[in-house]
């Protein structure tokens with residue numbers, strides 16, 4: 001379904017992403033971990049076509065999305081939704097309008113200028129908000145919501161696009177542990193129930209172990225680990241983050257409250 005072949009992105013003489021390759025069969029939940037500056041965010045932006053690659057291919061169902069231009073590239077961005085750390089909502093706009101912006105590129109300029117939306121789109125936006133447990137927030141301004149609620153609005157906007165793949169760039173980095181858990185539970189549920197691939201940049205090992213089917217570790221723009229959460233040992237983590245004082249803080253901090261029993265049974269519970 002997804003095949004990444006030798007993808008590179010240069011900024012001057014520095015390779016932010018350096019010839020990375022991997023493939024994914026089926027709608028897995030993929031976690032990408034690594035230090036700040038490892039190339040995680042750059043890779044997601046390459047995949048979503050927010051920036052162009054210097055070299056390589058990203059093939060989805062056999063089509064190289066890095067070669068798409070114009071209308072085809074915009075259509076791909078609808079199929080590959082992006083969720084950001086800082087939500088990227090319109091603060092003074094109501095929640096349901098923010099969700100409707102997920103289909104902005106499918107509507108005319110006149111419709112968007114006057115905030116005119118088909119009834120079917122409005123009903124679908126409300127259904128998505130209901131699914132995510134925040135339907136009562138629909139008429140409120142986005143800026144009035146908590147961080148966790150705003151991130152769920154951002155997820156709702158992504159779902160409005162009906163994407164095959166959801167890219168999440170540090171989706172819980174700015175959230176408290178409880179809201180972080182709600183957001184990660186939401187992404188995992190969408191992955192399992194909808195069969196949508198999720199690729200998330202994550203900043204703690206605990207989160208990657210708990211939610212991901214597969215973990216990719218990046219360092220200095222390259223992939224240095226690609227395996228299952230069970231293979232993510234302390235030694236492997238040191239290889240990803242570097243065996244220095246920053247390892248303890250960056251790699252082992254726990255963003256989401258959990259216990260070992262809950263971690264072991266989590267996937268089974270989500271599927272039950």
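Quick notes on this structure:
- Pair list, Cβ < 8 Å and 6+ apart or interchain, from the stretch 107-124 residues that are over 23 Å from residue 71 (Cα atoms) to residues that are modelled with pLDDT of 80 or more and in a loop (DSSP other than H, G, I, E, B): none
- Residues being modelled with pLDDT of 95 or more, crowded, with 20+ Cβ neighbours inside 10 Å and either under 20 Å from the mean Cα position of the chain (by Cα) or assigned to a strand (DSSP E or B) (or both) are entirely absent from the stretch 242-251.
- Of all residues in the stretch 144-157, at least one satisfies being farther than 24 Å from residue 29 by Cα, modelled with pLDDT of 95 or more, in contact with a helix residue (DSSP H, G or I) (Cβ under 7 Å, 6 or more places away or on another chain) and surrounded by 15 or more Cβ atoms within 10 Å (Cβ to Cβ).
- Against the list (1) in contact with a helix residue (DSSP H, G or I) (Cβ under 7 Å, 6 or more places away or on another chain); (2) closer than 28 Å to residue 119 by Cα, the condition residue 237 fails is (2).
- Taken over the stretch 208-225, residues that are in contact with a helix residue (DSSP H, G or I) (Cβ under 9 Å, 6 or more places away or on another chain), assigned to a loop (DSSP other than H, G, I, E, B) and surrounded by fewer than 24 Cβ atoms within 10 Å (Cβ to Cβ) amount to 2.
- Residues of the stretch 15-62 that turn out to be over 18 Å from residue 199 (Cα atoms) and modelled with pLDDT of 95 or more, as a count: 9
- Residue in the stretch 178-187 that is at pLDDT 95 or above, in contact with a strand residue (DSSP E or B) (Cβ under 6 Å, 6 or more places away or on another chain) and either in a strand (DSSP E or B) or under 30 Å from residue 133 (Cα atoms) (or both) present: yes
- One residue alone among 168, 173 is within 27 Å of residue 219 (Cα to Cα) and buried (at least 20 other Cβ atoms within 10 Å of the Cβ), and that residue is 168.
- Top-ranked residue of the stretch 191-206 - restricted to ones that are modelled with pLDDT of 95 or more and in a helix (DSSP H, G or I), ranked as surrounded by the fewest Cβ atoms within 10 Å (Cβ to Cβ): 193
The values are calculated or read from the model by the stated rules, or taken from the named source; none is laboratory data. Because the structure is predicted, anything quoted here is derived from the model rather than measured. A quick note on method: Cβ atoms are made from the backbone with ideal geometry, for glycine too, and the neighbour counts reach across all protein chains shown.
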